[in-house]
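One structure is given here, and the rest of the page talks about it.
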Amino acid sequence: MSAPLTKTPNAGYRFLRGIEPYSSGVTAEPGWEIVHVTLARPLPWYEGMVAARRFVEQKDRERHSLCGFELRCAEPFSMEGFIAFNREYRALLEEWEMLVEDQNPVARTNVSPVESPSSGSMLYGFSYTEPSDLMRPTFVVAGGGELRGPLDSKQIVRVGETSEEAMLEKARCVVEIMCERLAALGNNDLLTTINVYTAHPLRKLLAEVVIPGIPAAARLGVRWFYSRPPVKDIEFEMDMRGVARDLVVELAGCTLIDSCGSS
């Protein structure tokens, strides 16, 4: 039995509860669809989130329609550093009055590129809802690594190990998490994008874990980002989505008091 979803008032989506800084994923309500946006050029995370808000407001949508963010960090955080960043991130969503029953409804992925990392945390993409007559469900499965439960290094699967056997076990944990979330939000046939984030060799992990566990991976392929998860000692992360519209948008960085344009 899949986990229950929580409705977001007037935002056009329901969410799968996660932990304090982010939800486990989101799915559009009937009469709505989730649209995914990749930034043509990443922006510093705060400026980028404000620019994303301006983008949806210029489409006559409220800020509450923002239902997912994708971040890139300069390097993996310590667990304590990650928790501190999450407090700052959640505080912005609280300021925007986006929490529901004190839960953060917004899905998130946050990873660290191995090559050409930025100097700080950046916004790479986001998702939002729009009214739609699309008949198929649309959804975003939030990023997840080989950690179950609270943000505690003791919860990391095979912590400190990167042998082939350990990596297979880590990947199995992540695929299980993805499938649990997918069962609540959509289904395998509705997937349109499957992302893997790791700095480790991928072929065996794909052949023995990802494709058997997520059959759509054989049909769609898998996008491999040569990246590390956002916390030291987490080695493998995935996220997924099923959308009808995937946009690339140029956004101008701004603050809330600026006039911010988009195209």
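The values are calculated or read from the model by the stated rules, or taken from the named source; none is laboratory data. Computed from a prediction, not measured in an experiment: that's the story for all the values here. Here the Cβ positions follow ideal geometry from the backbone for every residue, glycine too, while neighbour counts run over all protein chains shown.
At-a-glance table
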| quantity | calculated |
| --- | --- |
| Selection count, segment 212-225, where residues are in contact with a strand residue (DSSP E or B) (Cβ under 7 Å, 6 or more places away or on another chain) and free of Cβ contacts under 8 Å to residues at least 60 places away in the same chain | 7 |
| Residue match in segment 220-240 (condition: more than 30 Å from T129 (Cα to Cα), touching a Lys or Arg at 6+ places or on another chain (Cβ under 7 Å), assigned to a helix (DSSP H, G or I) and not hydrophobic (A, V, I, L, M, F, W, C)) | no |
| Residues being over 24 Å from P117 (Cβ atoms) and not in a loop (DSSP other than H, G, I, E, B) - total across segment 86-101 | 5 |
| Residues satisfying the stated conditions in segment 1-50, i.e. within 19 Å of D246 (Cα to Cα) and among the hydrophobic types (A, V, I, L, M, F, W, C) | V26, A28, W32, I34, V35, V37, L39, A40, L43, M49 |
| Lone qualifier among N110, N104 - being polar (S, T, N, Q), crowded, with 20+ Cβ neighbours inside 10 Å and touching a Ser or Thr at 6+ places or on another chain (Cβ under 7 Å) | N104 |
| Any hit, segment 52-68, residues being among the polar types (S, T, N, Q), surrounded by 17 or more Cβ atoms within 10 Å (Cβ to Cβ) and over 15 Å from the mean Cα position of the chain (by Cα) | yes |
| Leading residue by the ranking (farthest from T27 (Cα to Cα)) among those in segment 146-186 that are buried (at least 19 other Cβ atoms within 10 Å of the Cβ) and basic (K, R) | K170 |
| Condition check for V209: farther than 10 Å from V141 by Cβ, in contact with a strand residue (DSSP E or B) (Cβ under 8 Å, 6 or more places away or on another chain) and outside any loop (DSSP other than H, G, I, E, B) | no |
| Flag if G125 is farther than 20 Å from E29 by Cβ, buried (at least 23 other Cβ atoms within 10 Å of the Cβ) and small (G, A, S) | no |
| Residue tally, condition assigned to a loop (DSSP other than H, G, I, E, B) and either touching a helix residue (DSSP H, G or I) at 6+ places or on another chain (Cβ under 7 Å) or modelled with pLDDT under 95 (or both), over segment 103-122 | 7 |
| Any pair with Cβ under 7 angstrom, 6 or more apart, that starts in segment 195-208 at a residue that is touching a residue at least 24 places away in the same chain (Cβ under 8 Å) and ends at one that is in a helix (DSSP H, G or I) and of a type in the set (G, A, S) | L205/A171 |
| Of all residues making up segment 153-167, the number that are under 22 Å from the mean Cα position of the chain (by Cα), hydrophobic (A, V, I, L, M, F, W, C) and not in a loop (DSSP other than H, G, I, E, B) | 2 |
| Members of segment 129-152 found to be charged (D, E, K, R) and either touching a helix residue (DSSP H, G or I) at 6+ places or on another chain (Cβ under 8 Å) or outside any loop (DSSP other than H, G, I, E, B) (or both), listed by number | E130, R136, E146, R148, D152 |
| Residue under evaluation G125, criteria (1) within 16 Å of the chain's Cα centre (by Cα); (2) part of a helix (DSSP H, G or I), criterion not met | (2) |
| Lone unmet requirement of (1) free of Cβ contacts under 8 Å to residues at least 60 places away in the same chain; (2) surrounded by 13 or more Cβ atoms within 10 Å (Cβ to Cβ) for P42 | (1) |
| Given (1) within 29 Å of V50 (Cβ to Cβ); (2) at pLDDT below 95; (3) of a type outside the set (V, I, T), index of the condition D152 fails | (1) |
